[in-house]
Amino acid sequence: MSEKRCYTAKDLQEILGVSRPSVYDLLKKNEFRWILVGGKYRISKKSFDAWLDENEESE
């Protein structure tokens, strides 16, 4: 099985340890690339991981 290329909103909740509304706030701010597939968000793993790395360094 190949590595996942995208995350779900639930994946982001678990990775970041934040609430569902917090994840949707990040999506609305276009902090990283995402698309809607069948009415569900799919977040670019590459884009999210780069955003996370960038924000960890600035802390």
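We did not get these values from a lab; they are worked out from the coordinates using the rules stated. Computed from a predicted structure; not experimentally measured. Using ideal geometry, Cβ is built from the backbone for each residue, glycine included, and neighbour counts are taken over all protein chains shown.
Ordered by residue, what ³J(HN,Hα) values in Hz, to whole numbers, does segment 27-33 give under the Karplus form 6.51 cos²θ - 1.76 cosθ + 1.60, where θ = phi - 60° and Gly and Pro are x?
Karplus-based 3J(HN,Hα) across segment 27-33 equals 5, 5, 7, 6, 5, 8, 7 Hz.
Mind listing the phi-derived Karplus ³J(HN,Hα) values for segment 11-26, rounded to whole Hz, using 6.51, -1.76 and 1.60 with θ = phi - 60°, and x for any glycine or proline?
Calculated HN-Hα couplings, in order: 4, 5, 4, 5, 5, 8, x, 10, 6, 4, x, 5, 4, 5, 4, 4 Hz.
Treat every Asp and Glu Cβ in the chain as -1 and every Lys and Arg Cβ as +1, leave all other atoms uncharged, and give the resulting dipole magnitude about the Cα centre to the nearest 20 debye.
Details: 11 positive and 11 negative charges, 120 e Å.
Using only the charged Cβ atoms, the result is roughly 580 debye.
Under the 0.36 nm per residue contour assumption, what length would be gained going from the current alpha-carbon distance of Glu56 and Lys29 to full extension?
7.9 nm
Please list, ordered by chain and number, the residues whose modelled amide H lies under 5 Å from the amide H of Trp34; skip anything fewer than 5 residues away on the same chain.
Ser44
For semi-axes √(5λ) of the Cα gyration tensor in Å, the choices are [x] 23, 17, 13; [y] 17, 15, 11; [z] 19, 11, 11; which was calculated from the structure?
Label [y] holds the value from this structure.
Starting from the 7 Å offset along Cα-to-Cβ, what nm value, one decimal, do you get for the label separation of Lys40 and Val18?
Each label point is offset 7 Å from its Cα along the Cβ direction, giving 2.1 nm.
Sticking with the crude label model, points 7 Å out along Cα→Cβ, report the distance from Asp11 to Asp49 in nm, one decimal please.
1.0 nm
Counting Lys +1, Arg +1, Asp -1, Glu -1, what net charge surrounds Thr8 among other residues with beta carbon under 10 Å of its beta carbon? It would help to have the intermediate numbers written out before the result.
Values: positive: Lys4, Lys10, Lys40, Arg42; negative: Asp11, Glu14.
Here the count lands on +2.
Given DSSP loops and a limit of at most 13 other Cβ atoms within 10 Å, what is the longest stretch of the chain that contains no such trypsin sites (Lys or Arg not before Pro)?
On the way: sites that count: Lys4, Arg5, Lys29.
That gives 30-59 as the longest site-free run.
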